[in-house]
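Report on the following structure.
Nothing in this text is a laboratory measurement; each read-out follows from the coordinates by a stated rule. Because the structure is a prediction, the values reported are computed rather than measured. Every residue, glycine among them, receives a Cβ derived from its backbone with ideal geometry; neighbour counts consider all protein chains shown.
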């Protein structure tokens, strides 16, 4: 609890068997009397506030985002202690809107929206890797298959010699695959530097789907989609809301 002391919201702290408010001390009985006589002087803290709210205005259910849901989990002990119940919590619908242009780029590069939740540089490399010349892409794919086969054979051979060498062989294989992926990444970066279109598309996808490396709903105002697609935008979103989806969803515009 907090108490108003000469216009200053002051925390009430318990010290041994007394409550301290600023420079004053109260017994539990005295504090009860103060609250009964002048309730307007007392306000709840961050955990008690929703409990007071739900006591005064009973709530059927609370819809919140991840942070609010986590906060309610912390407050549940206070709810049960004071109200004997906890207000049901429903996850807030969370979605990224996919406009036609964005969908075309996703289809062109054979990407899912989730794969675009990266930095613009990482996305540029991903797109570039998908536009490597066919002969280079085929060479990498064949080399990867051959490398996996070689690692498998080596692992089996050293394991027959000494079973304790299996972990070492698998670890060496992982390092080889990592180096192969590193080389593929460097080739993709070289391709990206030569291809201005890839860079432009990567920027568009990053700024639309993961602006500033945050969810679209936290960075782009919904009014921009209303201006672009009209009032039916709201109907399209409502029609595609899936209450069984507790995670992040995607809405086709």
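Subtract the Cα-Cα distance of residue 20 and residue 49 from 0.36 nm times their separation in residues, and report this length gain in nm to one decimal.
Numbers: separation 29, 0.36 × 29 = 10.44 nm, distance 2.03 nm.
Gain in length upon complete extension: 8.4 nm.
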**Request:** Measure nothing fancy, just the Cα-based angle from helix 134-161's long axis to the longest principal axis of the chain, in degrees from 0 to 90, nearest 10.
**Result:** 80 degrees
**Prompt:** So for the chain: antiparallel DSSP bridges make up what percent, rounded to the nearest 5?
**Reply:** 60 percent
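I need the calculated FRET efficiency for the pair residue 231 and residue 152, taking r as the beta carbon distance and R₀ as 41 Å, to the nearest 0.05. Working shown, then result.
On the way: r = 59 Å, r/R0 = 1.43.
Once the sixth-power term is evaluated, E becomes 0.10.
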**Item:** With Cα atoms, 0 to 90° folded angle of helix 120-129 axis to the chain main axis
**Value:** 30 degrees
**Prompt:** If you take the square roots of the eigenvalues of the alpha-carbon gyration tensor of the stretch 1-43 and sort them as a ≥ b ≥ c, do you get rounded (a/c under 1.5), prolate (a/b over b/c) or oblate?
**Reply:** oblate
**Item:** residue 240-residue 74 FRET efficiency (beta carbon distance; Förster radius 25 Å; 0.05 resolution)
**Value:** 0.20
**Request:** Select from 227, 199, 188 the residue whose mean-square fluctuation is largest in a Gaussian network model of the chain (Cα-Cα springs shorter than 10 Å).
**Result:** 227
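Going by a ≥ b ≥ c, the root eigenvalues of the Cα gyration tensor, does the stretch 80-164 fall in the rounded group (a/c under 1.5), the prolate group (a/b larger than b/c) or the oblate group? Intermediate results must be reported in sequence, preceding the final value.
Working: a/c = 4.75, a/b = 1.42, b/c = 3.34.
Oblate, since a/c reaches 1.5 and b/c is not below a/b.
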**Prompt:** Simple spin-label model, 7 Å along Cα-to-Cβ: residue 57 to residue 5 in nm?
**Reply:** 3.1 nm
**Request:** Using a 10 Å cut-off on Cβ atoms, rank the peptides 239-246, 31-38, 110-117 from the highest mean neighbour count down.
**Result:** 110-117, 31-38, 239-246
